[in-house]
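> The structure that follows is given in the form of structure tokens.
The values are calculated or read from the model by the stated rules, or taken from the named source; none is laboratory data. All figures in this text were calculated on a predicted structure; none of them were measured in a lab. Positions of Cβ are generated from backbone atoms using ideal geometry, with glycine treated the same way; all protein chains shown enter the neighbour counts. Just the protein is used for accessible areas: all its heavy atoms, side chains included, with ligands, DNA and RNA removed. Shrake-Rupley method; radii C 1.70, N 1.55, O 1.52, S 1.80 Å.
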Amino acid sequence: MNKQNDTTPVFSFYYIAIDTEAGITAEDFITFVREKGVHIPCYPGWRWTLLHGLRGERAGQFMMLYEIESASQRDRYVTADGNLTPEAHAFWQQQPQAQPLIAQWKTFGTFSELPTIYTDYQLLADNPRSTVPDGPRYQASSEGEPIARVIGIHNLALRPGVTADDFESFIAANHHRIDDYPDWKFRLLKGVRGNRLDQYVVLMEIGSQAALDVFYPEPDLATDQAAQFASAHRDTKAMYEEWKKLASFSGSPQLYTDYLSVAESLK
């Protein structure tokens, strides 16, 4: 079912924690990452976004989101058990300027490497009709507000008696029925290795906090605009009702966090 091919991106989540015992604040960490941490090089075909919990289960906490061009590009540098490959070790040997930056990062908190809790996710479905364009999730601007996308991560679970094949077959056959809110993009991911194996998550990418607040200014508090959108997209609403017969759905009472993008790799 939904086997990964070499043109489909994969996503890795690393839980990041700051050293509060050492007096590190969230603002300290964000400032360091924006000014210095972004200069740590990425493997070819990789990019990361630092996320800060806006609301939900992990409000105030950090997560590193990696988007990687393909599973094979991930496997060039990280093994199935989370260790570095020989090619990764060679990459860092060729980047001596990165080591002081990584060492400084670790004085602020955890880095995206073992033993940090992480999961690699396979992309099962997304919405190609979304109005969210490809591009940076965070980008500073000298002329106005920065680009700062919201990333909603919603944990899902299957209902009793429903198999993974049942749910994934339904998604494969029906995800084309999804119409997202303007400036929102749906992705369904499945954990394939790391610490959250076989766990499904909806990754909802939203163009800005303003685009989130138009429809949900408070957690699970929909606006009139959200109700009007649902009324105008009845097949999407019907598809979601069919989904709920197989598995839990995004939002309360399921575990979720809406994160704000606060920094992104430069290369």
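> Let's test this: bin the Cα-Cα distances of segment 26-97 at 5 Å from zero up to the farthest pair and state each bin's percent.
Taking all Cα pairs of segment 26-97, the binned fractions are 3, 13, 19, 21, 17, 16, 8, 2, 0 percent.
> Okay, next question. Gaussian network model of the chain, Cα springs within a sub-10 Å range: biggest mean-square fluctuation belongs to which of GLN61, GLN73, GLN93?
Among GLN61, GLN73, GLN93, the largest GNM mean-square fluctuation belongs to GLN93.
> Relative contact order for segment 186-231: what is it in percent, counting Cα pairs under 8 Å that are at least 6 residues apart?
24
> Right, something else. When the solvent-accessible surface of protein heavy atoms is calculated with a 1.4 angstrom probe, in what order do TYR118, TYR138 fall, highest first?
So the residues, ranked largest to smallest area, are TYR138, TYR118.
> Okay, next question. Give a residue-ordered list of calculated ³J(HN,Hα) values for segment 145-151 (Karplus: 6.51 cos²θ - 1.76 cosθ + 1.60, θ = phi - 60°; whole Hz; x for Gly, Pro).
5, x, 5, 8, 6, 9, 10
> Which whole-Hz couplings ³J(HN,Hα) result when phi for each residue of segment 219-234 is put into the Karplus expression 6.51 cos²θ - 1.76 cosθ + 1.60, θ = phi - 60°, listed in order with x for Gly and Pro?
Each residue of segment 219-234 in turn: x, 6, 10, 6, 8, 4, 4, 5, 5, 5, 5, 4, 5, 7, 10, 5 Hz.
> Now for a different question. Work out from phi, with θ = phi - 60° and the Karplus expression 6.51 cos²θ - 1.76 cosθ + 1.60, the ³J(HN,Hα) of each residue of segment 154-166, listed in order in whole Hz, and give x for Gly and Pro.
10, 7, 10, 9, 6, 6, x, x, 8, 8, 4, 5, 4
> Taking H placed 1.01 Å from N in the peptide plane, check which residues at least 5 places from LEU54 or on another chain put their amide H under 5 Å from its amide H.
It is GLY60, ASP258, TYR259, LEU260, by chain and number.
> Another one. Specify whether the C-alpha gyration tensor of segment 168-233 places it in the rounded, prolate or oblate class, a ≥ b ≥ c being the square roots of the eigenvalues: rounded for a/c under 1.5, otherwise prolate if a/b is larger than b/c and oblate if not.
Oblate, because a/c is 1.5 or more while a/b does not exceed b/c.
> Quick one: which residues, 5+ away or cross-chain, put their amide H under 5 Å from the amide H of THR131? H built at 1.01 Å from N.
For THR131, whose amide H was placed from the backbone, the distant partners under 5 Å are ASP183, TRP184.
> Moving on. Would you work out what percent of the accessible area of segment 155-217, with all protein chains in place, is carbon or sulfur (probe 1.4 Å)?
The nonpolar share, carbon plus sulfur, comes to 51 percent.
> While we're on this one: What nm value, rounded to one decimal, do you get for the distance between ASP213 and ASP19 when each label is placed 7 Å out toward the C-beta?
Each label point lies 7 Å from its Cα, and together they span 3.6 nm.
> Still on this structure: With every protein chain left in place and a probe of 1.4 Å, what is the accessible surface of LYS244, to the nearest 10 Å²?
Counting only protein heavy atoms, the figure is 70 Å².
> A further question follows. Quick check: residue separation of ARG159 and GLN139 times 0.36 nm, minus the Cα distance between them. What number comes out in nm?
Length gained, ARG159 through GLN139: 3.2 nm.
> Any chance you could run the full-extension gain for ALA222 through ALA103? It's 0.36 nm times the residue separation minus the Cα-Cα distance, nm to one decimal.
38.5 nm
> Here's something else I'd like to know. What area, in nm² and to one decimal, does the C-alpha convex hull of the chain cast on average over all directions?
That works out to 15.0 nm².
> Here's a follow-up. Take the Cα atoms of segment 49-139, find their three principal axes, and give me the spread along each one in whole Å, biggest first.
Principal-axis extents of segment 49-139 (Cα, largest first): 42, 32, 27 Å.
> Which value, in Å², gives the accessible area per residue of the chain when a 1.4 Å probe is used on the protein heavy atoms?
Accessible area per residue, the chain: 48 Å².
> For TYR77, what accessible surface area do you get with a 1.4 Å probe? Give it in Å², rounded to 10.
Accessible area, nearest 10 Å²: 10 Å².
> Label segment 92-150 by shape, choosing from rounded, prolate and oblate, from the square roots a ≥ b ≥ c of the eigenvalues of the Cα gyration tensor; if a/c is under 1.5 it is rounded, and otherwise prolate applies when a/b is larger than b/c, oblate when it is not.
oblate
> Which residues' amide hydrogens lie under 5 Å from the amide hydrogen of LEU124, considering only partners 5 or more residues apart or on another chain, with H built in the peptide plane?
LEU188, LEU189, LYS190
> What is segment 107-218 by shape, rounded, prolate or oblate, if you read a ≥ b ≥ c off the alpha carbon gyration tensor as root eigenvalues and call it rounded for a/c under 1.5, prolate for a/b larger than b/c, and oblate otherwise?
Note, shape of segment 107-218 comes out oblate.
> Here's another thing I want to ask about it. Need the C-alpha centroid separation for segment 39-81 versus segment 125-182, integer Å.
Centre-to-centre distance over Cα atoms comes out at 16 Å.
> What is the Å³ per residue value for the convex hull set by the Cα atoms of segment 44-85?
Each residue corresponds to 95 Å³ of Cα convex hull volume.
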